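Read the figures in this text as sums done on the coordinates, not as results from a lab. The structure displayed is predicted, hence computed values, not measured ones. No Cβ is skipped: glycine too gets one built from the backbone with ideal geometry, and neighbour counts run over all protein chains shown.
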Amino acid sequence: MTGLIDYVNGSSPLHKLNPLTKLLLAFLLCAFCFVTERISFVLGIIVLNLCIALLAGIIGRSLRILLSLMKLSIVLFVVQIFFVREGTILVRFPLNIYLTDTGLLFSLLFVLRLIAATMPLTIMLSVTRMSDISNVLNRYLRIPYKYTFALTTAIRFIPLFSQEMSDIMEAQTARGVDFDTKNFFKKVRLLLPLCVPLLVSSVRKIEGGAISAELRGFNLRNRKSGYKHYSFSFIDFMFLFFSIGLIIVEVLLR
């Protein structure tokens with residue numbers, strides 16, 4: 001996930017949206033994926049996510065995220081498809097394993113929902129600063145600052161940990177360790193010892209972050225401490241009404 005959820009500077013309409021609007025938009029698009037049971041509608045959400053990414057100027061990053069999610073989805077699809085026993089049998093395999101039409105449709109909808117529900121969150125994180133997310137959660141949604149700080153810190157540490165692991169692997173490769181092996185079990189055996197230095201460096205970073213937060217008056221922070229004011233504009237309401245309208249249409253069609 002290195003570089004895939006970092007903030008990208010820009011002046012697109014999506015960058016200018018109120019951070020709370022972006023959070024609600026991502027939540028509503030995710031909710032729509034689980035409200036609908038139509039594969040065509042979920043595919044439409046994926047296309048809509050790509051259009052939003054194009055509008056925000058991060059279409060390249062979104063395509064990389066889509067490719068990564070598709071690789072994961074293929075594994076989940078193959079595993080899931082043989083666990084659904086209802087429906088008409090399409091293909092029968094040895095050991096009483098068979099493929100049904102219900103299992104095929106369920107597994108396809110399952111992986112498409114995973115892709116369509118994940119992309120809005122990654123796009124939102126790409127066009128919103130962590131400080132803005134923390135401020136709106138604390139000021140407008142009245143979530144205590146310590147919880148918003150924990151959330152944003154966890155998101156920040158994902159790319160940091162990935163980069164740290166990449167650096168450790170490069171150092172080990174320079175010492176002659178072959179991580180390019182195609183043997184899965186051998187690769188796991190080589191990666192397990194790297195968890196110790198990664199854990200040590202992570203503890204150091206967490207301790208440094210805790211000291212830095214204390215020096216900045218972490219315990220004194222409240223919803224009035226933020227100096228930024230986030231106003232709503234016409235485009236904010238337009239995006240929200242559009243996403244709410246999608247859910248209403250789907251509920252009426254059902």
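Taking the number of Cβ atoms within 10 Å of each Cβ as an exposure proxy, the fewest-first ranking of 195, 33 is 195, 33. Per the Kirkwood formula applied to alpha carbons, region 45-98 shows a radius of gyration over Rh ratio, Rg over Rh, of 1.25.
Annotation: extensible slack from residue 253 through residue 154 equals 31.7 nm (criterion: 0.36 nm per residue apart, minus Cα-Cα distance). If eta is 1.002 mPa s and T is 20 °C, what Stokes-Einstein diffusion coefficient results for region 88-132, Kirkwood Rh from Cα pairs, in µm²/s? The calculation lands on 161 µm²/s.
Considering only the other residues whose Cβ falls under 15 Å of the Cβ of residue 18, what net charge follows from Lys and Arg at +1 and Asp and Glu at -1? Result for the local shell: +3. Legend: translational diffusion of region 8-98 by Stokes-Einstein, Rh = Kirkwood radius over C-alpha pairs, 20 °C, 1.002 mPa s; D = 133 µm²/s.
Counting only Cβ charges, +1 for Lys and Arg and -1 for Asp and Glu, the dipole size of region 9-90 around its Cα centre is about 280 debye. Summarising the amide proton neighbourhood of residue 100: residues at separation of 5 or more, or on other chains, whose placed amide H is nearer than 5 Å comprise 90.
Taken about its Cα centre, region 39-186 carries a charge dipole of roughly 300 debye when the Cβ of each Lys and Arg holds +1 and the Cβ of each Asp and Glu holds -1. Using the Cβ-Cβ distance between residue 234 and residue 6 with R0 = 30 Å, the FRET efficiency computed as 1/(1 + (r/R0)^6) comes to roughly 0.55. Per residue, the convex hull around the alpha carbon atoms of the chain comes to 178 Å³. Dipole magnitude for the chain: about 520 debye, using +1 per Lys or Arg Cβ and -1 per Asp or Glu Cβ, origin at the Cα centre. Helix-only arithmetic for the chain: the sum of -39500 (n - 2.57) across DSSP H runs with n ≥ 4, divided by the residue total, places the mean residue ellipticity at 222 nm at -23500 deg cm²/dmol.
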